[in-house]
Amino acid sequence: MTAIAPPLAEGELVTGTRLGQLLSDVWVLTKRSLARIRREPETLSEVTIQPVMFVLMFAYVFGGAIGIGGKGNYHEYLIGGMIGMGLAQTAPGTAVAVVSDMSTGLIDRFRSLPMSRAAVLMARSLADMLTQIIGTSVTAAVGLAIGWRIHGTALQAIEALALALLFGYAFTWAGICLGMVLRSPEAAQQTGFVIFLPLTFISSAFVPTQSMPGWLQPIAEWNPLSSLAAACRGLFGNPNPAASVDAWPAQHAVAAVICWSVGLIVVFAPLAIHLYRSKNR
Amino acid sequence: MTDTPAILAEGLIKNYGKIRALNGLDLAVAPGTVYGLLGPNGAGKTTAVRVLATLLWPDGGHARVMGHDVVTQAAAARRVIGLTGQYAALDEYLTGRSNLLMIGQLSRLTTRAAARRADELLDRFGLTDAAGRAVKTYSGGMRRRLDLAASLIAHPSVLFLDEPTTGLDPSARALMWDIVRQLVADGTTLLLTTQYLDEADQLAGRIAVIDGGKVIAEGAPAELKASVGGQRVVLELADPEDALVAAKALAPFATTEISPPGAQGSLEVPVAAADGLATQVLRALDAVGVSVNDIAVRTASLDDVFLTLTGHKAEEAEEEAK
């Protein structure tokens with residue numbers, strides 16, 4: 001009888017640099033998350049059905065009552081905010097996925113393997129980026145159906161989408177951190193709701209900040225979601241009331257999105273990886 | 001051959017808040033042997049395995065696996081270990097084969113080597129037909145086998161099996177035992193934790209009994225059994241009320257204290273093996289007017305070892321822990 005698992009022969013092990021190892025591990029684990037989406041497409045409902053519902057509700061239920069100033073079309077105004085909301089709303093889902101992952105024995109197995117420590121969380125952020133791309137595409141498609149149009153150049157549109165992805169990627173790391181510190185998927189769901197719901201509503205995603213009470217306006221103006229919405233509206237050539245708001249993030253929406261996103265990634269990505277390593281304590 | 005232990009733990013301490021899970025645990029496991037960690041839930045078995053498998057940093061003491069320190073040389077240690085925990089560590093949504101491929105690649109195997117080894121292991125563990133199905137459709141026994149296959153894909157020198165048969169039916173358990181024996185024949189060092197005394201007795205060459213986070217007895221199963229008195233006389237009394245009288249009459253035969261009699265009038269006495277033992281016991285009881293319905297003399301089991309060392313039965317401890 002031959003051995004159950006024969007000793008490793010020459011050429012069976014990959015030899016490479018640490019970076020090559022990290023990239024290979026991230027790729028293997030990203031494929032794992034994508035395989036899950038392929039097998040259970042309903043896990044995508046958060047980014048496929050939800051945006052359709054929200055866009056239609058705001059466009060046809062609340063839209064008529066919301067003034068955006070001037071003769072701007074609310075449907076055209078709405079989509080920039082909806083893209084941002086869709087991206088921010090994936091963060092609680094990320095947190096839930098991370099908590100669920102961490103509570104299974106699979107993470108213990110990963111931690112006992114000679115693999116990169118950062119790979120598990122990086123793969124999660126990349127897989128979530130794919131779901132965000134799907135969500136953003138759905139939002140844009142519904143937008144086109146209700147009369148939203150891109151009036152700017154193709155380059156500007158690409159710039160807007162790239163900003164949106166950067167923003168979404170940053171929020172994913174916030175969601176990962178949230179998932180690393182909470183103990184149950186229910187807690188992650190609740191906490192995510194409490195953090196991200198006000199974040200989306202106290203912003204210019206659905207209504208111009210000018211319509212809010214004076215004390216609330218600075219909060220809404222400095223909300224990263226307002227900056228993303230304003231940047232998208234500006235670049236798409238959609239109505240953008242923020243252009244007449246006298247606040248730095250409203251006037252420099254693109255720079256504000258980049259600052260916010262890079263800032264969030266710089267804080268939350270190392271923190272998340274630190275929390276992952278600290279599971280040894 | 002070298003005398004360096006495959007697994008060495010010295011004075012391991014691990015605290016969870018105020019609870020001390022490991023309290024100076026020492027272990028030395030010779031290469032190519034099966035070592036059993038035996039103890040009730042909460043004794044520190046799983047914590048010990050988690051420290052040795054580089055998943056937890058000890059608060060005190062140190063440990064080496066194949067000479068690699070599990071804290072300072074964790075990366076090297078991870079190249080030589082395999083871990084199969086109490087709960088199948090698999091991705092439910094991937095197929096059986098994809099799980100093995102993933103673990104193989106993350107263990108630094110080339111894609112080709114991972115694929116070849118995955119197919120061999122699937123075949124070996126009778127999972128070829130299920131290889132293309134998602135793991136969530138697998139039975140408990142199939143999951144355990146796949147989980148074990150995943151731990152084996154990169155040929156670990158040291159394999160940690162944390163309660164590998166808990167919750168399995170007898171035939172699935174027998175299959176796991178066969179695999180364990182084959183692995184040892186291949187030269188793998190196995191550290192096995194279990195609550196099942198018969199499992200430790202069947203598989204392990206040496207056993208450490210753990211209670212309160214440290215080793216309270218260590219040795220080959222036969223040595224441990226001998227250490228608590230070679231034999232047991234089990235009596236069933238005609239009248240349960242006679243139990244105390246009987247215990248007093250048998251005190252001269254007992255090697256250790258006689259545990260309180262059972263409710264049904266049964267009495268168990270640890271004794272040293274001797275010729276004519278049963279006859280002498282019956283004479284002594286007859287002399288004090290105690291009549292006996294049944295008598296049996298048996299060799300001490302690991303259950304007895306456990307009871308004697310920890311003061312409680314393995315199963316009782318298990319119930320309490322729940």
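Assorted remarks:
- Residue that is nearest to A:ILE66 (Cα to Cα), among those in the range A:177-203 that are open to solvent by 10 Å² or more (accessible area, probe 1.4 Å) and among the hydroxyl-bearing types (Ser, Thr, Tyr): A:THR191
A quick yes/no check of all residues on (1) away from chain B (no Cβ under 14 Å); (2) open to solvent by 10 Å² or more (accessible area, probe 1.4 Å); (3) over 26 Å from A:ASP25 (Cα atoms):
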{"residue": "A:ARG124", "(1), (2), (3)": "no, yes, no"}
{"residue": "A:LEU130", "(1), (2), (3)": "yes, yes, no"}
{"residue": "A:ILE133", "(1), (2), (3)": "yes, yes, no"}
{"residue": "A:THR139", "(1), (2), (3)": "yes, no, yes"}
{"residue": "A:VAL142", "(1), (2), (3)": "yes, yes, yes"}
{"residue": "A:HIS151", "(1), (2), (3)": "yes, yes, yes"}
{"residue": "A:ALA164", "(1), (2), (3)": "yes, no, yes"}
{"residue": "A:GLY175", "(1), (2), (3)": "yes, no, no"}
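- Filter pass, A:ILE158 being open to solvent by 70 Å² or more (accessible area, probe 1.4 Å), assigned to a helix (DSSP H, G or I), modelled with pLDDT of 90 or more and out of contact with any Asp or Glu (no Cβ under 6 Å at 6 or more places or on another chain): yes
- Those residues of the range B:113-144 which are among the basic types (Lys, Arg), open to solvent by less than 70 Å² (accessible area, probe 1.4 Å) and within 11 Å of chain A (Cβ to nearest Cβ), in sequence order: B:ARG117, B:ARG143
- Any hit, the range B:133-143, residues being in contact (Cβ under 8 Å) with a residue 60 or more places away in the chain and part of a helix (DSSP H, G or I): no
- Meets criteria (open to solvent by 50 Å² or more (accessible area, probe 1.4 Å), within 13 Å of chain A (Cβ to nearest Cβ) and touching a Pro at 6+ places or on another chain (Cβ under 7 Å)) for B:ALA28: no
- Condition broken by A:GLY11, with the remaining ones in (1) more than 8 Å from chain B (Cβ to nearest Cβ); (2) on the phi > 0 side of the Ramachandran plot; (3) without any contact (Cβ under 8 Å) to a residue 12 or more places away in the chain satisfied: (1)
- Residue check for A:ILE4: under 21 Å from B:SER98 (Cβ atoms), buried (at least 18 other Cβ atoms within 10 Å of the Cβ) and within 14 Å of another protein chain (Cβ to nearest Cβ): yes
- Long-range neighbours under 7 Å by Cβ, at least six apart or interchain, first residue at positive phi and more than 9 Å from chain A (Cβ to nearest Cβ) within the range B:62-80, second of a type in the set (A, V, I, L, M) and open to solvent by less than 30 Å² (accessible area, probe 1.4 Å): B:MET66/B:ALA6; B:MET66/B:VAL80; B:MET66/B:VAL158
- Filtered by the rule that a residue be without any contact (Cβ under 8 Å) to a residue 60 or more places away in the chain, β-branched (Val, Ile, Thr) and open to solvent by less than 80 Å² (accessible area, probe 1.4 Å), the range A:40-69 gives a lone residue, A:THR43.
- Residue check, A:VAL55 of a type outside the set (D, E, K, R) and at the interface with chain B (Cβ under 9 Å from one of its Cβ atoms): no
- Looking only at residues of the range B:158-190 that are among the small types (Gly, Ala, Ser), in a helix (DSSP H, G or I) and over 21 Å from A:GLY105 (Cβ atoms), we find that the one that is nearest to the other protein chains (Cβ to nearest Cβ) is B:ALA185.
- Failed criterion for B:ALA246 (all others in (1) open to solvent by less than 10 Å² (accessible area, probe 1.4 Å); (2) touching a residue at least 40 places away in the same chain (Cβ under 8 Å); (3) under 29 Å from B:VAL51 (Cβ atoms) hold): (3)
- Matching residues, the range B:264-297, being aliphatic (A, V, I, L, M), farther than 18 Å from B:GLU241 by Cβ and part of a loop (DSSP other than H, G, I, E, B): B:ALA272, B:ALA273, B:ALA274
- All conditions but one from (1) facing chain A (nearest Cβ under 9 Å); (2) farther than 21 Å from A:MET102 by Cα apply to B:LEU37; the one that does not is (1).
- Enumeration of residues in the range B:84-112 that are open to solvent by 40 Å² or more (accessible area, probe 1.4 Å) and facing chain A (nearest Cβ under 7 Å): B:TYR87, B:TYR93, B:SER98
- So A:ALA256, is it at pLDDT below 95 and among the small types (Gly, Ala, Ser): no
The values are calculated or read from the model by the stated rules, or taken from the named source; none is laboratory data. Fair warning: this is a prediction, and the values are worked out from it, not measured in the lab. No Cβ is skipped: glycine too gets one built from the backbone with ideal geometry, and neighbour counts run over all protein chains shown. Each accessible area value is taken on the protein alone, full model and side chains, heavy atoms only, with ligands, DNA and RNA left out. Shrake-Rupley method; radii C 1.70, N 1.55, O 1.52, S 1.80 Å.
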